[in-house]
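Enquirer: One structure is given below, represented as C-alpha coordinates, and several questions about it will come after.
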Amino acid sequence: MAPRSFWKGYLKLSLVTCPVSMMPATGEGEKLRFHTLNARTGNRVVSRYVDAETGKPVAEEDEVKGYPRGEDDHVLLEDDEIASVALESARTIDIDMFVPADSIGWIWYDKPHYLVPDDPIGEEAYGVIRDAMGATGTVGISRLVLYRRERAVMLEPRDKGIVLWTLRYGDEVRPEADYFDRIGDEKVDAGLLKLVTRLIEERSVPWEPSLVADPVQEKLLDIIAAKTKGRKRAARAKPEAPATAGNVINIMEALKKSIASESKPRRR
(Lines give C-alpha, C1' and ligand atoms only; values in the text may rest on other atoms or scores of the structure.)
Protein backbone atom coordinates (compact mmCIF):
# COMPACT_ATOMS: atom_id res chain seq x y z
CA MET A 1 0.00 0.00 0.00
CA ALA A 2 1.35 3.44 -0.96
CA PRO A 3 2.32 5.60 2.03
CA ARG A 4 0.32 8.71 2.88
CA SER A 5 1.62 12.02 1.56
CA PHE A 6 3.71 14.06 3.98
CA TRP A 7 3.49 17.32 1.98
CA LYS A 8 0.68 19.00 0.05
CA GLY A 9 0.81 22.21 -1.95
CA TYR A 10 0.84 23.55 -5.50
CA LEU A 11 2.96 23.04 -8.60
CA LYS A 12 3.21 26.30 -10.52
CA LEU A 13 4.64 27.27 -13.90
CA SER A 14 3.84 30.88 -14.80
CA LEU A 15 0.02 31.01 -14.72
CA VAL A 16 -0.41 27.21 -14.80
CA THR A 17 -1.09 25.84 -11.32
CA CYS A 18 -2.25 22.49 -9.98
CA PRO A 19 -2.57 20.98 -6.49
CA VAL A 20 -0.03 18.24 -5.78
CA SER A 21 1.00 15.95 -2.97
CA MET A 22 4.39 14.43 -2.28
CA MET A 23 5.86 11.50 -0.45
CA PRO A 24 9.46 10.19 -0.12
CA ALA A 25 10.41 7.69 -2.82
CA THR A 26 12.56 5.81 -0.31
CA GLY A 27 11.90 4.86 3.30
CA GLU A 28 13.35 3.23 6.36
CA GLY A 29 10.13 1.83 7.76
CA GLU A 30 11.52 -1.72 7.76
CA LYS A 31 14.85 -0.72 9.30
CA LEU A 32 15.51 -2.08 12.77
CA ARG A 33 15.41 0.59 15.46
CA PHE A 34 16.57 0.22 19.05
CA HIS A 35 15.74 2.09 22.25
CA THR A 36 18.52 2.96 24.67
CA LEU A 37 17.73 1.51 28.09
CA ASN A 38 19.19 1.63 31.56
CA ALA A 39 20.71 -1.86 31.89
CA ARG A 40 20.10 -1.88 35.65
CA THR A 41 16.43 -0.85 35.64
CA GLY A 42 15.29 -1.64 32.10
CA ASN A 43 13.80 1.85 31.80
CA ARG A 44 14.07 4.03 28.71
CA VAL A 45 16.84 6.65 28.68
CA VAL A 46 15.80 10.16 27.61
CA SER A 47 18.08 12.87 26.23
CA ARG A 48 18.00 16.53 27.22
CA TYR A 49 20.05 19.66 26.68
CA VAL A 50 22.28 20.72 29.58
CA ASP A 51 24.46 23.77 30.05
CA ALA A 52 28.04 22.85 29.14
CA GLU A 53 29.45 24.84 32.07
CA THR A 54 26.91 24.44 34.86
CA GLY A 55 25.65 20.98 33.88
CA LYS A 56 22.08 22.11 34.63
CA PRO A 57 19.18 21.31 32.23
CA VAL A 58 18.18 24.10 29.83
CA ALA A 59 14.47 24.93 29.46
CA GLU A 60 13.15 24.86 25.88
CA GLU A 61 12.23 28.57 25.99
CA ASP A 62 15.84 29.42 26.87
CA GLU A 63 17.32 27.62 23.85
CA VAL A 64 18.60 29.94 21.09
CA LYS A 65 20.65 29.42 17.94
CA GLY A 66 24.16 30.84 17.87
CA TYR A 67 26.73 31.18 15.10
CA PRO A 68 30.29 30.59 16.40
CA ARG A 69 32.74 33.37 15.55
CA GLY A 70 35.40 32.38 18.05
CA GLU A 71 36.01 30.23 21.10
CA ASP A 72 33.09 30.74 23.50
CA ASP A 73 31.90 33.62 21.32
CA HIS A 74 28.66 33.39 19.36
CA VAL A 75 26.34 35.63 17.37
CA LEU A 76 22.81 34.92 18.61
CA LEU A 77 19.94 34.68 16.11
CA GLU A 78 16.27 34.85 17.05
CA ASP A 79 13.72 32.58 15.37
CA ASP A 80 12.03 35.51 13.62
CA GLU A 81 15.37 36.64 12.15
CA ILE A 82 15.94 33.19 10.65
CA ALA A 83 12.35 33.05 9.38
CA SER A 84 12.69 36.46 7.70
CA VAL A 85 15.03 35.08 5.02
CA ALA A 86 12.92 32.02 4.20
CA LEU A 87 10.65 31.59 1.20
CA GLU A 88 7.41 33.59 1.33
CA SER A 89 5.45 30.42 0.62
CA ALA A 90 6.46 26.99 1.80
CA ARG A 91 3.58 25.34 -0.06
CA THR A 92 4.25 26.29 -3.68
CA ILE A 93 6.74 24.69 -6.05
CA ASP A 94 7.22 27.61 -8.43
CA ILE A 95 9.43 26.38 -11.29
CA ASP A 96 11.96 29.16 -11.83
CA MET A 97 13.94 27.72 -14.73
CA PHE A 98 14.70 24.63 -16.81
CA VAL A 99 18.06 23.04 -17.58
CA PRO A 100 19.08 20.11 -19.83
CA ALA A 101 18.24 16.85 -18.09
CA ASP A 102 21.76 15.46 -18.49
CA SER A 103 23.52 18.59 -17.22
CA ILE A 104 23.13 17.84 -13.49
CA GLY A 105 25.60 15.19 -12.32
CA TRP A 106 24.44 12.38 -10.04
CA ILE A 107 26.54 13.71 -7.18
CA TRP A 108 24.15 16.66 -6.78
CA TYR A 109 21.14 14.38 -6.26
CA ASP A 110 20.14 14.10 -2.61
CA LYS A 111 16.73 12.58 -1.77
CA PRO A 112 14.00 11.50 -4.23
CA HIS A 113 10.26 12.11 -3.77
CA TYR A 114 7.20 11.15 -5.79
CA LEU A 115 5.13 14.20 -6.80
CA VAL A 116 1.56 13.41 -7.89
CA PRO A 117 -1.57 15.45 -8.70
CA ASP A 118 -3.79 15.86 -5.64
CA ASP A 119 -7.13 15.93 -7.46
CA PRO A 120 -8.47 14.82 -10.87
CA ILE A 121 -9.06 18.40 -12.03
CA GLY A 122 -5.37 19.25 -11.72
CA GLU A 123 -4.17 16.20 -13.68
CA GLU A 124 -4.28 18.01 -17.03
CA ALA A 125 -2.02 20.87 -15.88
CA TYR A 126 0.26 18.34 -14.18
CA GLY A 127 0.45 16.20 -17.33
CA VAL A 128 1.20 19.19 -19.58
CA ILE A 129 4.17 20.26 -17.41
CA ARG A 130 5.42 16.66 -17.20
CA ASP A 131 5.17 15.94 -20.92
CA ALA A 132 6.64 19.30 -21.93
CA MET A 133 9.76 18.59 -19.85
CA GLY A 134 10.01 15.15 -21.44
CA ALA A 135 9.62 16.53 -24.97
CA THR A 136 12.30 19.18 -24.44
CA GLY A 137 14.70 16.91 -22.53
CA THR A 138 14.76 19.29 -19.58
CA VAL A 139 14.19 19.22 -15.83
CA GLY A 140 12.69 22.00 -13.73
CA ILE A 141 14.56 23.82 -10.98
CA SER A 142 12.79 25.40 -8.02
CA ARG A 143 13.17 26.04 -4.29
CA LEU A 144 11.13 24.52 -1.49
CA VAL A 145 11.13 24.30 2.30
CA LEU A 146 11.53 20.62 3.23
CA TYR A 147 12.78 19.02 6.43
CA ARG A 148 12.88 22.43 8.14
CA ARG A 149 15.27 23.90 5.60
CA GLU A 150 15.00 25.72 2.27
CA ARG A 151 16.35 23.55 -0.51
CA ALA A 152 16.93 23.66 -4.24
CA VAL A 153 14.88 20.94 -5.93
CA MET A 154 14.83 19.35 -9.37
CA LEU A 155 11.64 18.07 -11.04
CA GLU A 156 12.21 15.14 -13.40
CA PRO A 157 9.50 13.56 -15.59
CA ARG A 158 9.33 9.79 -15.02
CA ASP A 159 6.77 7.65 -16.84
CA LYS A 160 3.34 9.01 -15.83
CA GLY A 161 4.69 10.97 -12.89
CA ILE A 162 7.27 13.48 -11.71
CA VAL A 163 10.16 12.73 -9.37
CA LEU A 164 11.24 15.64 -7.20
CA TRP A 165 14.87 15.47 -6.06
CA THR A 166 16.27 17.67 -3.34
CA LEU A 167 19.68 18.86 -4.50
CA ARG A 168 22.83 19.19 -2.43
CA TYR A 169 24.07 22.68 -1.64
CA GLY A 170 27.04 23.98 -3.59
CA ASP A 171 29.40 23.87 -0.60
CA GLU A 172 28.50 20.22 0.08
CA VAL A 173 29.99 18.84 -3.14
CA ARG A 174 33.76 18.57 -3.22
CA PRO A 175 35.51 19.06 -6.58
CA GLU A 176 36.44 15.65 -8.00
CA ALA A 177 39.64 17.10 -9.49
CA ASP A 178 41.01 17.55 -5.95
CA TYR A 179 41.13 13.77 -5.70
CA PHE A 180 41.22 12.23 -9.19
CA ASP A 181 43.96 14.51 -10.53
CA ARG A 182 46.40 12.70 -8.24
CA ILE A 183 45.93 9.49 -10.22
CA GLY A 184 48.59 8.85 -12.87
CA ASP A 185 47.92 8.97 -16.62
CA GLU A 186 49.63 5.67 -17.49
CA LYS A 187 47.59 3.36 -19.73
CA VAL A 188 46.72 -0.03 -18.31
CA ASP A 189 48.14 -3.21 -19.82
CA ALA A 190 45.96 -4.46 -22.71
CA GLY A 191 46.21 -8.06 -21.51
CA LEU A 192 45.05 -7.15 -18.02
CA LEU A 193 42.21 -5.09 -19.45
CA LYS A 194 41.04 -8.07 -21.52
CA LEU A 195 41.04 -10.40 -18.52
CA VAL A 196 39.15 -7.94 -16.27
CA THR A 197 36.61 -7.33 -19.06
CA ARG A 198 36.01 -11.07 -19.26
CA LEU A 199 35.65 -11.26 -15.48
CA ILE A 200 33.06 -8.46 -15.56
CA GLU A 201 31.10 -10.16 -18.34
CA GLU A 202 30.98 -13.45 -16.42
CA ARG A 203 29.78 -11.69 -13.25
CA SER A 204 27.14 -9.54 -14.98
CA VAL A 205 23.55 -10.28 -13.86
CA PRO A 206 20.19 -8.52 -14.33
CA TRP A 207 19.46 -5.85 -11.73
CA GLU A 208 16.94 -6.71 -9.02
CA PRO A 209 16.29 -5.13 -5.59
CA SER A 210 17.38 -8.29 -3.77
CA LEU A 211 20.96 -7.52 -4.81
CA VAL A 212 21.05 -4.74 -2.21
CA ALA A 213 19.40 -6.62 0.67
CA ASP A 214 20.73 -5.89 4.17
CA PRO A 215 22.39 -9.09 5.51
CA VAL A 216 23.23 -7.42 8.84
CA GLN A 217 19.55 -6.69 9.55
CA GLU A 218 18.59 -10.24 8.62
CA LYS A 219 21.13 -11.63 11.10
CA LEU A 220 19.98 -9.21 13.80
CA LEU A 221 16.38 -10.36 13.28
CA ASP A 222 17.55 -13.97 13.71
CA ILE A 223 19.28 -13.02 16.99
CA ILE A 224 16.17 -11.18 18.23
CA ALA A 225 13.94 -14.15 17.32
CA ALA A 226 16.27 -16.56 19.10
CA LYS A 227 16.44 -14.43 22.26
CA THR A 228 12.65 -14.01 22.21
CA LYS A 229 12.28 -17.80 22.22
CA GLY A 230 14.97 -18.21 24.87
CA ARG A 231 17.53 -19.82 22.59
CA LYS A 232 21.23 -19.07 22.73
CA ARG A 233 22.66 -17.01 19.87
CA ALA A 234 24.80 -18.87 17.36
CA ALA A 235 28.55 -18.54 17.71
CA ARG A 236 30.04 -15.86 15.52
CA ALA A 237 32.09 -17.19 12.63
CA LYS A 238 35.72 -16.19 12.64
CA PRO A 239 36.58 -13.81 9.78
CA GLU A 240 39.18 -14.87 7.28
CA ALA A 241 42.63 -13.51 7.95
CA PRO A 242 43.36 -10.61 5.60
CA ALA A 243 46.31 -10.79 3.25
CA THR A 244 49.38 -9.18 4.75
CA ALA A 245 50.69 -6.00 3.23
CA GLY A 246 54.01 -7.67 2.56
CA ASN A 247 52.56 -10.12 0.04
CA VAL A 248 53.48 -9.20 -3.53
CA ILE A 249 50.54 -10.05 -5.80
CA ASN A 250 51.01 -10.74 -9.48
CA ILE A 251 47.92 -9.17 -11.03
CA MET A 252 47.98 -11.37 -14.13
CA GLU A 253 48.17 -14.59 -12.08
CA ALA A 254 45.45 -13.36 -9.72
CA LEU A 255 43.14 -12.59 -12.66
CA LYS A 256 43.75 -15.97 -14.27
CA LYS A 257 42.89 -17.71 -11.00
CA SER A 258 39.76 -15.54 -10.63
CA ILE A 259 38.55 -16.44 -14.13
CA ALA A 260 39.26 -20.11 -13.51
CA SER A 261 37.18 -19.98 -10.33
CA GLU A 262 34.30 -18.34 -12.23
CA SER A 263 33.86 -21.54 -14.23
CA LYS A 264 32.90 -23.31 -10.99
CA PRO A 265 29.34 -22.91 -9.61
CA ARG A 266 29.16 -20.06 -7.11
CA ARG A 267 26.85 -20.00 -4.10
CA ARG A 268 24.47 -17.03 -4.28
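The values are calculated or read from the model by the stated rules, or taken from the named source; none is laboratory data. Computed from a prediction, not measured in an experiment: that's the story for all the values here. Ideal geometry is used to build each Cβ from the backbone, glycine not excepted, and the neighbour counts take in all protein chains shown. SASA here: full protein model, heavy atoms, side chains in, ligands and nucleic acids out. Shrake-Rupley method; radii C 1.70, N 1.55, O 1.52, S 1.80 Å.
Enquirer: How do R168, R151, R91 stack up against each other in accessible area, from largest to smallest, with a 1.4 angstrom probe?
Expert: Details: R168 95, R151 40, R91 115 Å².
Order by accessible area, largest first: R91, R168, R151.
Enquirer: Which entries of K111/K229; K31/K56; K56/K111; K8/K219; K187/K257; K31/K227 have Cα-Cα distances beyond 28 Å here? Don't skip to the answer; put the middle values down first.
Expert: On the way: K111/K229 39 Å; K31/K56 35 Å; K56/K111 38 Å; K8/K219 38 Å; K187/K257 23 Å; K31/K227 19 Å.
As for pairs spanning more than 28 Å Cα to Cα, those are K111/K229; K31/K56; K56/K111; K8/K219.
Enquirer: Additional query: Quote the convex hull volume per residue of the chain, based on C-alpha atoms, as a whole number of Å³. Could you put the intermediate results ahead of the total?
Expert: On the way: hull volume 86.4 nm³, N = 268.
Measuring per residue, one finds 322 Å³ for the Cα hull of the chain.
Enquirer: So what is the calculated 222 nm ellipticity per residue for the chain, using -39500 (n - 2.57) for each DSSP H run with n of 4 or more, over all residues, to the nearest 500 deg cm²/dmol? Mind showing how you got there, number by number?
Expert: On the way: 6 runs with 63 residues, N = 268.
Rounded to the nearest 500, the figure is -7000 deg cm²/dmol.
Enquirer: If you take the charge dipole of the chain about its Cα centre, with +1 on Lys and Arg Cβ and -1 on Asp and Glu Cβ, which of I141, V216, A101 is farthest toward its positive end?
Expert: V216
Enquirer: Right, next: Under the classification rounded if a/c is under 1.5, otherwise prolate if a/b is larger than b/c and oblate if not, where does region 138-222 fall, given a ≥ b ≥ c as square roots of the Cα gyration tensor eigenvalues?
Expert: Details: a/c = 1.97, a/b = 1.36, b/c = 1.45.
Verdict is oblate for region 138-222.
Enquirer: So how strong a dipole does region 102-236 carry about its Cα centre when Lys and Arg Cβ are +1 and Asp and Glu Cβ are -1, to the nearest 20 debye?
Expert: Details: 22 positive and 24 negative charges, 253 e Å.
In total the dipole reaches around 1220 debye.
Enquirer: With +1 on each Lys and Arg Cβ and -1 on each Asp and Glu Cβ, how big is the dipole of the chain about its Cα centre, in debye rounded to the nearest 20?
Expert: Numbers: 41 positive and 45 negative charges, 512 e Å.
Approximately 2460 debye in magnitude.
Enquirer: I'd like to check one number: the per residue accessible area of the chain, probe 1.4 Å, reported in Å² as a whole number. Please report the intermediate quantities before stating the final value.
Expert: Working: 22300 Å² over 268 residues.
Per-residue accessible area for the chain comes out at 83 Å².
Enquirer: If you take the Cα Rg of region 73-232 and divide it by 2.2 N^0.38 Å, with N the number of residues, what do you get?
Expert: Details: Rg = 23.7 Å, N = 160, 2.2 N^0.38 = 15.1 Å.
Expressed relative to 2.2 N^0.38 Å, the Cα Rg reads 1.56.
Enquirer: Pick out, in residue order, every one of the GluC sites (Glu not before Pro) in region 1-80 that is DSSP loop and has at most 13 other C-beta atoms within 10 Å; say none if there are none.
Expert: Numbers: sites: E28, E30, E53, E60, E61, E63, E71, E78; in loops: E28, E30, E53, E63, E71, E78.
Qualifying residues, ordered by number: E28, E30, E53, E63, E71, E78.
Enquirer: Another question, then. Full-extension gain between K65 and E53, please, as 0.36 nm times their residue separation minus the C-alpha to C-alpha distance. Spell out each step's value before the answer.
Expert: Numbers: separation 12, 0.36 × 12 = 4.32 nm, distance 1.73 nm.
Net length gain for the segment: 2.6 nm.
Enquirer: Can you list the HN-Hα couplings for region 149-155, worked out from phi with the Karplus curve (6.51, -1.76, 1.60; θ = phi - 60°), rounded to whole Hz and with x for Gly and Pro?
Expert: Those phi angles translate into 8, 6, 9, 6, 10, 10, 9 Hz.
Enquirer: Determine, from the Cβ-Cβ distance of L37 and K111 and an R0 of 25 Å, the FRET efficiency 1/(1 + (r/R0)^6), rounded to the nearest 0.05. Walk me through the numbers before you get to the answer.
Expert: Details: r = 31 Å, r/R0 = 1.25.
Efficiency for this residue pair is about 0.20.
Enquirer: Taking 0.36 nm per intervening residue step and subtracting the Cα-Cα distance, what contour gain separates L15 from D72 on full extension?
Expert: Numbers: separation 57, 0.36 × 57 = 20.52 nm, distance 5.05 nm.
So the extension gain works out to 15.5 nm.
Enquirer: Given a 1.4 angstrom probe, I'd like the percentage of the accessible area of the chain that is carbon and sulfur, rounded to a whole number. Intermediate results must be reported in sequence, preceding the final value.
Expert: Numbers: 12040 of 22300 Å².
The C+S portion of the solvent-accessible surface of the chain is 54 percent.
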